[in-house]
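Asker: The structure under discussion is supplied below as structure tokens; questions concerning it will follow.
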Number of protein chains: 2
Amino acid sequence: MAESWVIMVTAQTPTNIAVIKYWGKRDEKLILPVNDSISVTLDPVHLCTTTTVAVSPSFAQDRMWLNGKEISLSGGRYQNCLREIRARACDVEDKERGIKISKKDWEKLHVHIASYNNFPTAAGLASSAAGFACLVFALAKLMNAKEDNSELSAIARQGSGSACRSLFGGFVKWKMGKVEDGSDSLAVQVVDEKHWDDLVIIIAVVSSRQKETSSTTGMRETVETSLLLQHRAKEIVPKRIIQMEEAIKNRDFASFAHLTCADSNQFHAVCLDTCPPIFYMNDTSHRIISCVEKWNRSVGTPQVAYTFDAGPNAVLIAHNRKAAAQLLQKLLFYFPPNSDTELNSYVLGDKSILKDAGIEDLKDVEALPPPPEIKDAPRYKGDVSYFICTRPGRGPVLLSDESQALLSPETGLPK
Amino acid sequence: MAESWVIMVTAQTPTNIAVIKYWGKRDEKLILPVNDSISVTLDPVHLCTTTTVAVSPSFAQDRMWLNGKEISLSGGRYQNCLREIRARACDVEDKERGIKISKKDWEKLHVHIASYNNFPTAAGLASSAAGFACLVFALAKLMNAKEDNSELSAIARQGSGSACRSLFGGFVKWKMGKVEDGSDSLAVQVVDEKHWDDLVIIIAVVSSRQKETSSTTGMRETVETSLLLQHRAKEIVPKRIIQMEEAIKNRDFASFAHLTCADSNQFHAVCLDTCPPIFYMNDTSHRIISCVEKWNRSVGTPQVAYTFDAGPNAVLIAHNRKAAAQLLQKLLFYFPPNSDTELNSYVLGDKSILKDAGIEDLKDVEALPPPPEIKDAPRYKGDVSYFICTRPGRGPVLLSDESQALLSPETGLPK
């Protein structure tokens, strides 16, 4: 064991957005929620975390780099994940290179971790969910842990609650569980990403001057002060979870949209019922909701669902490509880019939706007609930073191509 | 009865702002609420309705003028009030002029009504509350109805729910009542306006581009769709009403402020939990809340309470004149007037608060230091239309000076 070999694993894990919201912990330390939640996994092509984990007898300590910058691993959340995976490590053998790590060696070996988000960390797009899911998944593979993804999700949960839902593609349920040690508080797949593959997701990253309350602090204050939260968690969410699973299984978009919007609004309602009140949505968020609500009502059946997490960004789920193209037209009408912004850097992700919408350049954006369902529609230039077009996507995968690794196979340091 | 005499009465009635909110009717027709509410009456010197009602055998029909413009009386709300007061009319005699109207004559006689608000009707400052209270109070005096103000409040309630609370000064409770005909759904005074006379009220009239949902429509939709409203009405408000009455009786500002802010936020939370969601507060409202919350926390004990009705305007209740002067400094720092606005038309009402704050002109506003409790405090010029400084005030009064009448004593038409 005195050699200087490095063994590495690289994994890619998606982010996810809840359609029935997680807000409030019943156990702060184990990160156990007050209700079940359901999420849709976003296509990792557009939004994902890539993590390389490496082990070598030459590493003096556990180290981590996030987006190229070294960060501390001393926080309890990282320590929880490292401890739990180490406890499940098994024998690993690389016969070709003549390397053998036995189960008990893992306690003494140190790891290097490098993680990279293919989207701005600060944009408020659940980077910690994808990050902890990827860390746990990659470490589990490196250490040859035999646990399935649900069992791994209960570990990722101890890094960041919503991370447990990033262990699967498609639609995912986080079961709150009952037992005190949290072992049954884990994620299960509701349906995979192929089940409902005509959905299109457009994310509006909203400009904000405000510094938001962190979700950890926010949900603690809601649990401590909101008189509405317990009623929501105990009486309302359990019924919604059953209805949402039905809607997803039946691809019933009307019910799906109704439940998604209502639950997003109720989550923000309990934030407002917190003392002091928490505002995550701003006037731009409100305008996006109003745009969607008016359109849905003018058509008669829902075309688009909206949901907002702990920030002003809108996640809009369109029934199909046609609805998505129409939605993008409306959004670009209301929220054209600043004059110094190019279309190419204003609409990111799956640009084919832009083509479907008949928009090739900024002149097409300028020429968009006002949505007929709204009279005197004003335009709010610059109120959205950019849009990302994406779709429901797959769960975690291992990347076998070594060129995608973020650590050098020789030194175990960032490339 | 063929003569052309005119008998007139002029009354002045205050507006009021709820500190425990009314939101949701259990009976739309009788306007019966789903919970009790408590309000503070605002000083009529700054915000009131003046109404003159006249009767003459020469009037061919009931007519009404609001702020000088004739409006229709055919609406059910006006008809309810007219019918209920007529049913309680008694003999009226003016011996000097030799006029006698007997109880039964009132059914055949027509009335003229002229009403005037000393504040902008469109500002969203509960003009209908003061208006219906004044209409009912003035008609009752004209027709010599023997009912006390609580009994009259049950009639005003049928014009506009919150109008019932404008029949008293000080702090007022609207008891939701139990009986089906609504006769016990009426207002009672908690304490008069002298009981807690060091409170100062500053209203921020917030500029808004949005057209708001009317409160009638909004509360109907909340009753029909919010899953949180019934829990609020049945489980939360009854306890808050008891606590609020205690706080007011004991002049316990800390409890008063906590309950006022929490209940305003919860009312807006149930609006957000409505489908489609209702947003009355905007980014400016949120910034005012944040300003107050941060200040209150930095001092350690609440200096100011905030409450918002069905619109973005903030009603801020300061503990005393000193707190009010400090509050006004902070508000003018964050929300200075547009450069074309004069201070005199930007801070209305009791201008002595401005003097206490050491502000004499716009240069003083420009020179205000940023509040120390906030770092990097930005200024939002033009986001507030104007401020009104006022205080808790008295209930309805009769104006005996004929020069204050809005109708001509000869013709019974607007002066």
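Every number in this text was worked out from the coordinates using simple rules, so none of it is lab data. All of these numbers come straight from a predicted model, not from anything done at the bench. Please note: Cβ atoms are built from the backbone with ideal geometry, for glycine as well, and neighbour counts cover all protein chains shown.
Asker: Quick check on my filter: what residues within segment B:343-364 are touching a Leu at 6+ places or on another chain (Cβ under 7 Å), closer than 17 Å to B:Leu42 by Cβ and in a helix (DSSP H, G or I)? Break it down into steps so the answer makes sense when it comes.
Answerer: If we filter segment B:343-364 for residues that are touching a Leu at 6+ places or on another chain (Cβ under 7 Å), which is where we start, we get B:343, B:347, B:353-354, B:357, B:359, B:361-362.
Filter once more, so that each one left must be closer than 17 Å to B:Leu42 by Cβ: B:347, B:353.
Matches in segment B:343-364: B:Ile353 only.
Asker: If you don't mind, there's one more thing I want to ask. Filter segment A:28-58 down to the residues that are touching a residue at least 60 places away in the same chain (Cβ under 8 Å), surrounded by fewer than 17 Cβ atoms within 10 Å (Cβ to Cβ) and of a type outside the set (Asp, Glu) and list them by number. Outline the logic, then answer.
Answerer: Restricting attention to segment A:28-58, the residues satisfying the condition of being touching a residue at least 60 places away in the same chain (Cβ under 8 Å) are A:28, A:30-56, A:58.
Next, only the ones that are surrounded by fewer than 17 Cβ atoms within 10 Å (Cβ to Cβ) stay: A:28, A:45, A:58.
Once the filter is applied, which keeps residues that are touching a residue at least 60 places away in the same chain (Cβ under 8 Å), surrounded by fewer than 17 Cβ atoms within 10 Å (Cβ to Cβ) and of a type outside the set (Asp, Glu), segment A:28-58 yields A:Val45, A:Ser58.
Asker: How many residues are more than 12 Å from chain A (Cβ to nearest Cβ) and surrounded by 20 or more Cβ atoms within 10 Å (Cβ to Cβ) if we restrict to segment B:219-232?
Answerer: Number of matching residues: 1.
Asker: If a residue must be part of a strand (DSSP E or B) and either surrounded by 17 or more Cβ atoms within 10 Å (Cβ to Cβ) or not aliphatic (A, V, I, L, M) (or both), how many such residues does segment B:380-415 contain? Walk me through it before giving the result.
Answerer: Residues of segment B:380-415 that are part of a strand (DSSP E or B), as a first pass: B:384-390, B:392, B:397-398, B:407, B:414.
Those still in the list that are either surrounded by 17 or more Cβ atoms within 10 Å (Cβ to Cβ) or not aliphatic (A, V, I, L, M) (or both) too: B:384-390, B:392, B:407, B:414.
Count: 10.
Asker: Of all the strands (runs of 3 or more DSSP E) wholly in segment A:1-52, which have at least 1 residues that are out of contact with any strand residue (DSSP E or B) (no Cβ under 6 Å at 6 or more places or on another chain)? Before the answer, list the steps.
Answerer: Values: elements: A:7-14, A:16-20, A:25-27, A:37-41.
Answer list for segment A:1-52: A:25-27.
Asker: B:Phe256 is checked against (1) more than 22 Å from the chain's Cα centre (by Cα); (2) more than 10 Å from chain A (Cβ to nearest Cβ); (3) in a helix (DSSP H, G or I) and fails just one. What number does that condition carry?
Answerer: For B:Phe256, the failing item is (1).
Asker: Let me ask something else about it. For segment B:242-253, what are the residues that are touching a residue at least 24 places away in the same chain (Cβ under 8 Å) and either touching a helix residue (DSSP H, G or I) at 6+ places or on another chain (Cβ under 6 Å) or within 14 Å of chain A (Cβ to nearest Cβ) (or both)?
Answerer: First, pick out the residues of segment B:242-253 that are touching a residue at least 24 places away in the same chain (Cβ under 8 Å): B:244-245, B:248-249, B:251, B:253.
Across segment B:242-253, the qualifying residue is only B:Met244.
Asker: Look through segment B:287-306, keep the residues that are within 12 Å of chain A (Cβ to nearest Cβ) and touching a Leu at 6+ places or on another chain (Cβ under 9 Å), and return whichever of them is farthest from B:Val223 (Cα to Cα).
Answerer: Going residue by residue through segment B:287-306, those that are within 12 Å of chain A (Cβ to nearest Cβ) are B:287-297, B:302, B:306.
Those left that are additionally touching a Leu at 6+ places or on another chain (Cβ under 9 Å): B:288, B:291-292, B:295, B:306.
Values: B:Ile288: 28, B:Cys291: 32, B:Val292: 30, B:Trp295: 35, B:Tyr306: 25 Å.
Applying the filter and picking the extreme gives B:Trp295.
Asker: Looking at (1) surrounded by fewer than 23 Cβ atoms within 10 Å (Cβ to Cβ); (2) under 28 Å from B:His258 (Cα atoms), which one does A:Asn250 not meet, given that it meets all the others?
Answerer: Unmet for A:Asn250, out of (1) surrounded by fewer than 23 Cβ atoms within 10 Å (Cβ to Cβ); (2) under 28 Å from B:His258 (Cα atoms): (2).
Asker: Taking the condition surrounded by 24 or more Cβ atoms within 10 Å (Cβ to Cβ), β-branched (Val, Ile, Thr) and more than 13 Å from the chain's Cα centre (by Cα), does B:Thr10 pass?
Answerer: Numbers: surrounded by 24 or more Cβ atoms within 10 Å (Cβ to Cβ): yes; β-branched (Val, Ile, Thr): yes; more than 13 Å from the chain's Cα centre (by Cα): yes.
Yes, satisfied.
Asker: Looking at (1) out of contact with any Lys or Arg (no Cβ under 9 Å at 6 or more places or on another chain); (2) of a type in the set (A, V, I, L, M); (3) without any contact (Cβ under 8 Å) to a residue 60 or more places away in the chain, which one does B:Val111 not meet, given that it meets all the others?
Answerer: Result: B:Val111 passes all but (1).
Asker: Related question: If the requirement is being within 10 Å of chain A (Cβ to nearest Cβ) and part of a loop (DSSP other than H, G, I, E, B), which of these qualifies: B:Cys271, B:Cys275, B:Cys261? Give the derivation first.
Answerer: On the way: B:Cys271 fails: part of a loop (DSSP other than H, G, I, E, B); B:Cys261 fails: part of a loop (DSSP other than H, G, I, E, B).
Matching residue, one of B:Cys271, B:Cys275, B:Cys261: B:Cys275.
Asker: Is it the case, given these coordinates, that A:Thr284 is surrounded by fewer than 24 Cβ atoms within 10 Å (Cβ to Cβ) and away from chain B (no Cβ under 14 Å)?
Answerer: Values: surrounded by fewer than 24 Cβ atoms within 10 Å (Cβ to Cβ): yes; away from chain B (no Cβ under 14 Å): no.
When the stated conditions are applied, A:Thr284 does not pass them.
Asker: For segment A:90-108, enumerate the residues that are free of Cβ contacts under 8 Å to residues at least 24 places away in the same chain and either of a type in the set (D, E, K, R) or touching a helix residue (DSSP H, G or I) at 6+ places or on another chain (Cβ under 6 Å) (or both). Before you say what the answer is, go through the steps one by one.
Answerer: Going residue by residue through segment A:90-108, those that are free of Cβ contacts under 8 Å to residues at least 24 places away in the same chain are A:93, A:95-96, A:98, A:100, A:102-104, A:107-108.
Answer for segment A:90-108, where residues must be free of Cβ contacts under 8 Å to residues at least 24 places away in the same chain and either of a type in the set (D, E, K, R) or touching a helix residue (DSSP H, G or I) at 6+ places or on another chain (Cβ under 6 Å) (or both): A:Glu93, A:Lys95, A:Glu96, A:Lys100, A:Lys103, A:Lys104, A:Glu107, A:Lys108.
Asker: Given (1) surrounded by fewer than 21 Cβ atoms within 10 Å (Cβ to Cβ); (2) in contact with a helix residue (DSSP H, G or I) (Cβ under 9 Å, 6 or more places away or on another chain), identify the lone condition not met by A:Ser4.
Answerer: A:Ser4 satisfies every listed condition except (2).
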